[in-house]
Amino acid sequence: MEIIQQLVNGISLGSIYALIALGYTMVYGIVKLINFAHGDVFMVGSFVGFYSITFLHLSFFPALILSMVACALFGVLIERIAYKPLRNATRIAALITAIGVSLLIENGMIFFRGAQLEAYPNDILPTNKINLLGVTVESKSLLILGVSVALMIILQFVVHKTKIGKAMRAVSHDAEAAKLMGINVNNTISATFAIGSSLAGAAGVIFGTYYYKIEPLMGVIPGLKAFVAAVLGGIGIIPGAMVGGLLLGVIESLVSAAGGSLWRDGVAFIVLILILIFMPQGIFGKNKREKV
Amino acid sequence: ALLSGCGSSDSAGSNASDELLIGANLELTGGVASYGQSIYEGANLAFKEINEKGINGKKLKFVKYDNKSTAEEAMNGALKLINQDKVLAIIGSATSTNTLAQVELANKNKVPIITATGTSPEVTVTKGKLNEYVFRTCFIDPFQGTVAANFSTKNLSAKTAAIYIDNSSDYSKGLAASFKESFEANGGSVVTEEAYLQKDTDFRATLTRIKSKQPDFIYIPGYYEEVGLIVKQARELGIDVPLMGADGWDSPKLLEIAGADALTKTFITNHYSSGDPDVKIQSFVEAFQKEYKGKKPDAFAALGYDTAYFLAEAIKNAGEEVTSEKIQQALAETKNLQLVSGTFTIDENHNPIKSATILRYEKGEQVFETKVNP
Amino acid sequence: MLKVEDLNVYYGNIHALKGVSLEINEGEIVTLIGANGAGKSTLLKTISGLLKPKQGKIIFEGKSITAKAAQTIVKQGISHVPEGRRVFANMTVEENLQLGAYLRKDKKGIKQDMEMVYDLFPRLLERLKQQAGTLSGGEQQMLAMGRALMAKPRLLLLDEPSMGLAPLLVKTIFRIIEEINVTGTTVLLVEQNANLALSIADRAYVVETGRIVLSGNAEELTSSEKVKMAYLGGN
Amino acid sequence: MIKLKQTKGFWLSILFAFALFTIVQIVISSALINFYIVNIIMTMGIYIILAVSLHLIIGITGQFSIGHAGFLAVGAYTSAVFTMKLGQPLLIGLIAGGLAAAIAGMLIGIPSLRLKGDYLAIATLGFGEIVRITFFNIDYIGGPSGMMVSQLTTWPWVFGCMLLTILVIRNFTNSTHGRACISVREDEIAADAMGINTTYYKVVAFLIGSFFAGVGGALWAHNFYIIQPSQFGFLKSFDILIFVVLGGLGSMSGAVIAAILLTLVSMLLTEYPETRMVIYSLILIITMLYRPRGLLGTKEVTSLFTNRRNKKGGPKDGNTHTVA
Amino acid sequence: METHTPLLKVDQVGIRFGGLKAVADVNMKLYPGELVGLIGPNGAGKTTFFNLLTGVYVPTDGKIFFKGENIRKQPPYKITKKGISRTFQNIRLFEELSVIDNVKVAYHSLAKHSILSSILRLPNHFSGEKEMEEKALEFLKLFNLDQFRDDKAKNLPYGQQRRLEIARALAANPELLLLDEPAAGMNPKETAQLMDLIAFIREKFNLTVLLIEHDMSLVMGVCERIYVLDHGQLIAHGTPEEIRNHPKVIEAYLGEEVS
Ligand SMILES: Nc1ncnc2c1ncn2[C@@H]1O[C@H](COP(=O)(O)OP(=O)(O)OP(=O)(O)O)[C@@H](O)[C@H]1O
Ligand SMILES: Nc1ncnc2c1ncn2[C@@H]1O[C@H](COP(=O)(O)OP(=O)(O)OP(=O)(O)O)[C@@H](O)[C@H]1O
Ligand SMILES: CC(C)C[C@H](N)C(=O)O
Ligand SMILES: [Mg+2]
Ligand SMILES: [Mg+2]
């Protein structure tokens, strides 16, 4: 029974990684930028959710939507100011800028509101425990999993079936050729950031309701973990992010369950390196040999 | 720019002017900011009161440094306060680990450091050797851990216990060790020892593991930020045995994170209780609330306040020509000084001998349970 | 139909086009020939809006399209098949063609044009669901052209469509260019294979280091000594 | 002639280095500056060592490694064990730290043989974290709460190691071996096809780079009184990465200058703790936006002074060869 | 010719990518001093075949003998050292390196000075570097590239880049040179110049050359023998005259009216 309980724990944790990873993978897939600020957008989303619940007295879903919208705008803003001018620069220049943006968001947040933590109210969502053969499943865990899967399906649909999705894929492969099709590359990239960031916003609010504690540096570790998840699944691949996130969550839970909680992150990274060595493009990635 | 930056504070010891520079190297931001802020508020209030009369005609001036709750920054802060600002003494960091990072600097530069709340014995006596220039205002962990163990066996009739340790903190590890020793001496058995690290947010896996061992009682000697989450998640997983911790729990943030419900059946050992009817305590509580818009002083505010008075007393006794060395001597010789958190007599290990208080959470409020003397 | 006047284009401080002027009339095939790095591709990119000129004018059907965004220019009726094909490798042939019609809203028209493209390139119809990246070079070139046609252009800019293709495919491609032209699309063709280009073109311009140095009708140029010497090799 | 020119430049730079060393040493020993400032100067030197060592891996060999703090940690801990636990002198600590880090460098060099670009980056980042977590779990060296280390690092040590690092990496780079590394950076497949054993050179770059990172780590450990695993997280790797990129990827003097400037900026900003990191990150972003190729691009400072061989026959306008 | 032992003997070589047999059962013999063409439709597997010869890909089956030794599974740099060198279909220069340094890289395997002597700047570092410099310069002169010696390779005009790539390949001191579409993107005039260059280097360096090209004027003009690949398989092999009239080749590659 304990093992099933641990799987349930792992899946809940993993769903949050997955949700952040979806946005990560999406942005990476289209603009090939490791957007290190993604974890901080997640943090901002969490605070937007917090303030809209405590000050605007919104309930969960309106707060979630508000946070998603705010993050979408925020993501577009970041892209326009910091990344767009570097579109033709080297990848590494963009990466350093992303690190800079990440530091700026964190420290800007501390500057404006201080570094102290904040706790989400306890009663935003009803906490029902479902007891199944000794396994406690919180209704919140189910909600998180549900939201993650739903968003993943929507995202997959958007990217593969809609016009804007096709435009995104075209831009990701060859922005100049995409222009020649009449695609507005700037808007497409903005849309990518908007969608990716709104997912981070959603993850932020969900994180807040599940873990309560939020603070300006809260995005660093989940951001890193989510990135690892995205790479595990094959970066740029939407279902890969989902699977990578869940896998990471489950691995972490099982390691802790075996009494190795201090090695939890270590094992996660070891798995990452092993997967990369044996499947260099991640689990779902196609092994593209460079064509000479 | 490099050289000009240092020219300003060349007046060593600053006894030329009538200001006495005192450094504060505190956790003002970061993981355990609540402690540092409380200590600062307490000490600041004391400085204000002291400066109304002055010490030997001089006033105290506070130079504060935020160590961001990290040992690395704490070391940097001490380096800067000692060499650049040339302070006479430093009110050291809140946690044991962060204070430990400054120990060598204090000894080497002969500048006394007093930690208000660093409870690990190692802080003043490292590897069996006394740190001449390090002092503290609080009791030490072997005492605190024993108090908790005795309380759990006698008052809570616990036979089996689990311990959940913050492995990043010397304090937590020390407390766990002394708790275990006393608990087992009392005839109890520790069924499992688990560990986490600061900044962790998901404790469910380990808690599930602890739950499966079915202890009567869980000892969680950590800091409020993680403890809040642990308590909350433990209750959500259906763990309803009593939980107990130590002074690290004492922060309003604990209640915010865990919520009042989850905190029922939890206990802590602490330095004092603002609910204690003692007059000295009540007049401090009043003064504090007046200064800080009705805020209730937690134990760290009280200890910060006491630290400032402890230091001021030593400066007074050090005479006209104050130097760091003289302050050190005076600190070491302090006897029967009556302060808010108790009476100070510094022993040969630079520790004051003080009593501990046990508090219980009820509807989110700390309720005075008992007081234990050493 | 298209009028380019005194065009100057820079890459940083490299002056790639130095005062280029040219003209294309409705229904023509006009070819640009010139050595590597002469500026042919630069000219096409400037017309289609991928590059912004520093100076000069581009007028298409009486309206200025100078320095307009690429997507607006596509809308006006100019399609550009870039050098090196540039198909979207990770998308299917069908998706590539759909992207060609990205700006169009007339579902019926799109469908008709799809049929038209299949008629021109039966090969593509066979490979509709295949990833474009796995097509052979010639097939990719067909796809690139088909994709451009999906925008229903009145002017088609082709940049070195024969590059790297087997002789058989080169022939097919050129046959198709003529067919496209017959169905009413004006073509501006850049080619290294000058013999071949001149053989289907009405008129030609010769570009050297960013300047137009010679122009005239195709037969004239083919027989011009200077052109023979420089571009047509010994034969 | 080349030899003469090179040796002349060599002696000049030695002279310059010696002068720099003496001036700083005089300033220190005459107590013109306090120990806090001395400490900052030494920190700067250590950062230069770290930046230059990473420059070899990323800037020259093109292996996108963002786990440099891992090597730093290995060097720091190994040397601290040698000096504090085994009672060896600092010199032994430095050498041991360097060697241990070099071994770690070999280990990480191995996955790098299979991984490229962002994937290598994330693997090295993971490696750095694994190192950190491993140290977390070794009680002998204090686990998470770290290890007290006596302050033994002095300016002559820092300067000596810095000079050594710069000389070795410069000499390596300006040789056929360095060119081999650059060719790996530029195009691995073509390098391979030119007979370069790319695997070997990648490992060599990791080896040399991590050796000096380890030496830097040893100096680090003995400069800051305490070492804790949490100091060596990926944010520290980013700091070093930032020096290398901000200075100009591929430019060693750029890396040095960036290390100096950023340490200075960071020090000056300690006076404004509230805005310090905000300003720091803004400086970072703005520099990248206005100089996306870094402060110096791929150039070296020396090329700003010496006139490179006259630039006749530049190809910029030179299409003359094609048409008669 | 059949009397000497072949320089290169390819025996039933093939490679698969997933389900695709990019090259299958190819046999080929090249004799010292020959200039041989390899043609075939796009995607026939010509470049892949070069990749097999140079070790970029390891053949899934078959053997490759170079000077009598089986070089299958050898890493590319070793194969280069043994004497096979190549150019690429899409130019792959070391863009940020100067023209002369591009050539020096190819000389690397001849370097006599070790890493240690470079780091310590021992005398043999200086002599080694000087020798390389001189040799490389000599080479650039031969290709009329010495005027660009200190320019970054990426700043060269396209045609010169192709030249430099050939020069670089030759600097690696090959016995067998593989050229992948050297005339791509050149106009007929430039192609003619290239033909002269190839003939010249073959004489000068005593080389065997295998050449992929779609430009029939070039292939038919300089090659003594031609192999034709289609769908990964050899469909024909012979003199230019034979190939020109080979029905299978006409059908798959040349098209009806061959000029
Ligand atoms: N992105 C770029 N950055 C800098 N310079 C460029 C760039 N693209 C082209 N150039 C330069 O501009 C000039 C014209 O190039 P362009 O590509 O237009 O020539 P082209 O006539 O199309 O040649 P080709 O036959 O090789 O395609 C050349 O000197 C080239 O080096
Ligand atoms: N790394 C690879 N992974 C998968 N398929 C590959 C790879 N390399 C080549 N191929 C496939 O192998 C086939 C042969 O390709 P190759 O590049 O050898 O053709 P080619 O004869 O050189 O054609 P071209 O004349 O167009 O250059 C093609 O279908 C190609 O897509
Ligand atoms: C502020 C306190 C909770 C600190 C704790 N007593 C320690 O020594 O680390
Ligand atoms: Mg072109
Ligand atoms: Mg090919």
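Values for this structure:
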| item | result |
| --- | --- |
| Criterion violated by D:Ile110 - all others in (1) under 21 Å from the mean Cα position of the chain (by Cα); (2) open to solvent by 10 Å² or more (accessible area, probe 1.4 Å); (3) facing chain A (nearest Cβ under 7 Å) satisfied | (3) |
| Qualifying residue in region A:65-73 (condition: facing another protein chain (nearest Cβ under 9 Å) and more than 30 Å from D:Tyr290 (Cβ to Cβ)) | no |
| Some residue of region E:222-238 being buried (at least 21 other Cβ atoms within 10 Å of the Cβ) and either assigned by TED's automatic domain parsing to the domain that holds E:Asn144 or over 20 Å from E:Leu53 (Cα atoms) (or both) | no |
| Flag if B:Ile82 is of a type in the set (A, V, I, L, M) and open to solvent by 10 Å² or more (accessible area, probe 1.4 Å) | yes |
| The one condition in (1) within 16 Å of ligand 2 (Cβ to nearest atom); (2) in contact with a helix residue (DSSP H, G or I) (Cβ under 6 Å, 6 or more places away or on another chain); (3) over 28 Å from C:Met163 (Cβ atoms); (4) open to solvent by 50 Å² or more (accessible area, probe 1.4 Å) that E:Lys112 fails to fulfil | (1) |
| Some residue of region B:173-191 being under 26 Å from D:Gln228 (Cα atoms), modelled with pLDDT under 95 and in a loop (DSSP other than H, G, I, E, B) | no |
| Lone unmet requirement of (1) among the hydrophobic types (A, V, I, L, M, F, W, C); (2) surrounded by 15 or more Cβ atoms within 10 Å (Cβ to Cβ); (3) within 16 Å of A:Ser12 (Cβ to Cβ) for A:Ile130 | (2) |
| Residues of region B:74-107 that turn out to be more than 10 Å from chain D (Cβ to nearest Cβ) and either assigned to a helix (DSSP H, G or I) or within 16 Å of ligand 2 (Cβ to nearest atom) (or both), as a count | 3 |
| Candidate set: region C:126-163, residues that are in a loop (DSSP other than H, G, I, E, B) and among the hydrophobic types (A, V, I, L, M, F, W, C); chosen: the one nearest to ligand 2 (Cβ to nearest atom) | C:Leu135 |
| C:Val74 vs. criteria crowded, with 22+ Cβ neighbours inside 10 Å, away from ligand 2 (no atom under 16 Å from the Cβ) and among the β-branched types (Val, Ile, Thr) | yes |
| Residue ID - farthest from ligand 2 (Cβ to nearest atom), chosen from residues in region B:112-132 that are within 21 Å of B:Thr70 (Cβ to Cβ) and touching a Lys or Arg at 6+ places or on another chain (Cβ under 9 Å) | B:Ile114 |
| Which listed residue is open to solvent by 60 Å² or more (accessible area, probe 1.4 Å), within 16 Å of ligand 4 (Cβ to nearest atom) and in contact with a strand residue (DSSP E or B) (Cβ under 8 Å, 6 or more places away or on another chain), from C:Glu23, C:Glu5, C:Glu83 | C:Glu83 |
| Odd one out for D:Tyr47 among (1) at pLDDT below 95; (2) of a type in the set (Phe, Trp, Tyr); (3) within 14 Å of D:Ala259 (Cβ to Cβ) | (1) |
| Flag for D:Lys299 being loosely packed, with under 12 Cβ neighbours inside 10 Å, at pLDDT below 90, outside any helix (DSSP H, G or I) and more than 16 Å from ligand 5 (Cβ to nearest atom) | no |
| Within region A:233-258, considering residues that are more than 21 Å from the chain's Cα centre (by Cα) and more than 7 Å from every other protein chain (Cβ to nearest Cβ), the one modelled with the lowest pLDDT | A:Ala258 |
| Qualifying position, being within 8 Å of chain E (Cβ to nearest Cβ) and among the aliphatic types (A, V, I, L, M), among D:Ile182, D:Ile166, D:Ile208, D:Ile141 | D:Ile182 |
| Helices (runs of 4 or more DSSP H) wholly inside region E:1-120 containing at least 1 residues that are at positive phi and polar (S, T, N, Q) | none |
| Test set (1) open to solvent by less than 20 Å² (accessible area, probe 1.4 Å); (2) closer than 25 Å to A:Met43 by Cβ - A:Thr136 fails condition number | (2) |
| Residue match in region B:137-155 (condition: part of a strand (DSSP E or B) and either crowded, with 24+ Cβ neighbours inside 10 Å or more than 16 Å from ligand 1 (Cβ to nearest atom) (or both)) | no |
| Residue in region B:181-202 that is over 22 Å from A:Arg264 (Cβ atoms), crowded, with 24+ Cβ neighbours inside 10 Å, away from ligand 1 (no atom under 16 Å from the Cβ) and over 21 Å from the mean Cα position of the chain (by Cα) present | yes |
| Residue within region D:91-105 that is farther than 21 Å from D:Gln231 by Cα, open to solvent by 10 Å² or more (accessible area, probe 1.4 Å) and modelled with pLDDT under 95 present | no |
| Every pair of residues 6+ apart whose Cβ atoms lie under 7 Å, when the first sits in region E:173-186 and is at positive phi while the second is within 14 Å of ligand 1 (Cβ to nearest atom) and among the aromatic types (Phe, Trp, Tyr) | E:Gly185/E:Tyr158 |
| Filter pass, A:Thr127 being of a type outside the set (Lys, Arg), more than 14 Å from chain C (Cβ to nearest Cβ), farther than 30 Å from C:Gly100 by Cα and touching a residue at least 12 places away in the same chain (Cβ under 8 Å) | yes |
| Test result for A:Phe61, assigned to a helix (DSSP H, G or I), farther than 24 Å from A:Val231 by Cβ and without any contact (Cβ under 8 Å) to a residue 24 or more places away in the chain | yes |
| Single residue of region D:165-187 satisfying the filter (free of Cβ contacts under 8 Å to residues at least 40 places away in the same chain and assigned to a helix (DSSP H, G or I)) that is farthest from E:Tyr77 (Cα to Cα) | D:Leu167 |
| Wholly within region E:158-259, helices (runs of 4 or more DSSP H) carrying at least 3 residues that are among the small types (Gly, Ala, Ser) and more than 16 Å from ligand 1 (Cβ to nearest atom) | E:158-171 |
| Odd one out for C:Glu94 among (1) within 16 Å of ligand 1 (Cβ to nearest atom); (2) part of a helix (DSSP H, G or I) | (1) |
| Test: residue in region E:57-77 that is within 12 Å of another protein chain (Cβ to nearest Cβ), away from ligand 1 (no atom under 16 Å from the Cβ) and in contact (Cβ under 8 Å) with a residue 60 or more places away in the chain | no |
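So that you can scan it fast, the table gives a plain yes or no per residue for (1) within 14 Å of chain B (Cβ to nearest Cβ); (2) within 17 Å of D:Phe159 (Cβ to Cβ); (3) part of a helix (DSSP H, G or I):
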{"residue": "D:Ile41", "(1), (2), (3)": "yes, yes, yes"}
{"residue": "D:Val52", "(1), (2), (3)": "no, yes, yes"}
{"residue": "D:Ile57", "(1), (2), (3)": "no, no, yes"}
{"residue": "D:Leu72", "(1), (2), (3)": "yes, no, yes"}
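The values are calculated or read from the model by the stated rules, or taken from the named source; none is laboratory data. If you're wondering where the values come from, they're calculated on a predicted model, not measured in any experiment. Neighbour counts are summed over all protein chains in view; Cβ atoms, including those assigned to glycine, are modelled from backbone coordinates with ideal geometry. These area figures cover heavy atoms from the full protein model, side chains too; ligands, DNA and RNA do not enter into them. Shrake-Rupley method; radii C 1.70, N 1.55, O 1.52, S 1.80 Å.
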